[in-house]
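Structure, as structure tokens:
The values are calculated or read from the model by the stated rules, or taken from the named source; none is laboratory data. Just so we're clear, the structure is a prediction, and the values are computed from it rather than from any experiment. Methodologically, a virtual Cβ is constructed for each residue, glycine included, from the backbone with ideal geometry; neighbour enumeration extends over all protein chains shown. These accessible areas exclude ligands, DNA and RNA; they are computed on the full protein's heavy atoms, side chains included. Shrake-Rupley method; radii C 1.70, N 1.55, O 1.52, S 1.80 Å.
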Amino acid sequence: MKTGLEQLTTYAAYHRDRRNIATHVVGVPMIVFAVTVLLSRPLIEIAGLPVSVAWIAIALSSLYYIKLDSRLGLVLSLVLVLFGWAAAHVASMPTSMWLQVGLGCFIVGWIIQFIGHYFEGKKPAFVDDVVGLLIGPLFVLTEMAFALGLRNELRAGIEARVGPTLIRQLT
């Protein structure tokens, strides 16, 4: 398994334009929330108790993020738990509202993502490696940490491999 630095560096190679990163700060959370909403209704029985698929996905992805980077993984896990709580509320709404929120956020989030990749001039990372779908949320949190002046050693490690972020000229 790749380390957190390796995963983030691979993902960052597709995301060096600041405008693309900005669209990801909006679009990725929308997509993650949408998936959480859509997975909140299907239930699996565990030890005689109904558990939504969303909570299983939150638990498994949280373990993965914590393994990649303990500090960022814990923060991201808290965000995912908040999304799970909000998604459970949405899932209790009538089916039409549940689908409107889930599918609406999913579609709008992806549109925002593709606008960002237009600026970047590169395809999304998941096209070459489906793990990119899991790394996106960690990348967004990492970029937010960088903007706050945190995790400079991680930033230096990524930039040493793929260069700094910039604003590319559209061609």
Exercise for review: Would you be so kind as to identify which of LEU72, THR3, ILE167 lies farthest towards the positive end of the dipole of the chain, taking Lys and Arg as +1 and Asp and Glu as -1 on Cβ and the Cα centre as origin?
Suggested key: ILE167
Practice item. Find, among the trypsin sites (Lys or Arg not before Pro) in the range 1-102, those assigned to loop by DSSP (not H, G, I, E, B) with at most 16 other beta-carbon atoms within 10 angstrom. Key: LYS2
Practice item. Please calculate how many Å² of accessible area the chain carries per residue, with a 1.4 Å probe and no DNA, RNA or ligand atoms counted. Key: 53 Å²
Review point. In a solvent-free Debye calculation with one equal scatterer on each Cα, what is log10 I(q)/I(0) for the range 78-171 at q = 0.21 Å⁻¹, listed in the order of the q values?
Key: -1.26
**Study point:** Cα pair distances in the range 26-91, grouped into 5 Å bins until the bin that holds the longest one, percent each
**Key:** 4, 19, 25, 24, 17, 8, 2, 0
Practice item. Taking 7 Å along the Cα-to-C-beta vector as the label spot, tell me the ALA160-VAL26 distance in nanometres, rounded to one decimal. Key: 3.5 nm
Check your understanding: Roughly how many percent of the accessible protein surface of the chain is carbon and sulfur, given a 1.4 Å probe and a whole-percent answer?
Key -> 72 percent
Practice item. Principal axes first, then extents: for the Cα atoms of the chain, list largest minus smallest coordinate on each axis, whole Å, largest first. Key: 50, 34, 29
